[in-house]
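Q: Sharing a structure below in structure tokens format, with a few things to ask.
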Amino acid sequence: MDPRYVVPDGNSLHPPRSSLRSKSAAFALALLAAATSLSACSAKPQSLADYIAAICSAPFRSASPDEAPFLAENASAMTKMMIGMGIQPSGDVDSDFVAMMIPHHRGAIEMARAELRYGRNEQLRRLAQEIIVTQQQEIAAMRLALGEPLPPPVPSPDQLSRAERIDSKSGIQD
């Protein structure tokens, strides 16, 4: 750090102007690159859902057959989440925040459920259970803060894992 811009407590007073110019130039370049790639991607008209699904699933194409169902569920969760977060602004920042955060939290819940279905690491499975519980609690808290009704109850993560097990002999879920 340039000593000319440091006050006695060690914090920077002001960065050099050249640093600000280079950061602004880098940001502008990144913005231009993003706009260029988006326009290139949109050469063929497609729905937002198709576009997001393609982005979310592209890295998964080389996955093993064993991992494919897990990755497909995650791509689906991310696609629904991104589409759900694309709201029409209401003019109320708080309502808009909740409208975007609820799909975000639901996406996390769906991804955690996929971990419970396919994951083997007990530590990560416990974390997935915690994610489901905390995200549901946060959705409820956000709705209550806006005076909205609570969503209907859903199974807890341990109930979910029991409910989704398939009886290997009959093929019927418990």
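The values are calculated or read from the model by the stated rules, or taken from the named source; none is laboratory data. Not measured: the values here are computed from a predicted model. For neighbour counting, all protein chains shown are included, and Cβ atoms are generated from backbone atoms with ideal geometry for every residue, glycine included.
Q: Looking only at the range 84-99, which residues are more than 11 Å from the chain's Cα centre (by Cα) and not small (G, A, S)?
A: I87, Q88, P89, D92, V93, D94, D96, F97, V98
Q: Being modelled with pLDDT under 95 and not aromatic (F, W, Y) narrows it down to one of E164, E110, E138, E130, so name that one.
A: E164
Q: Determine if the range 56-72 includes at least one residue that is modelled with pLDDT under 75, surrounded by fewer than 14 Cβ atoms within 10 Å (Cβ to Cβ) and not charged (D, E, K, R).
A: yes
Q: Here's another thing I want to ask about it. Return the residues of the range 120-129 that are surrounded by fewer than 12 Cβ atoms within 10 Å (Cβ to Cβ) and either hydroxyl-bearing (S, T, Y) or in a helix (DSSP H, G or I) (or both); say none if nothing qualifies.
A: E122, Q123
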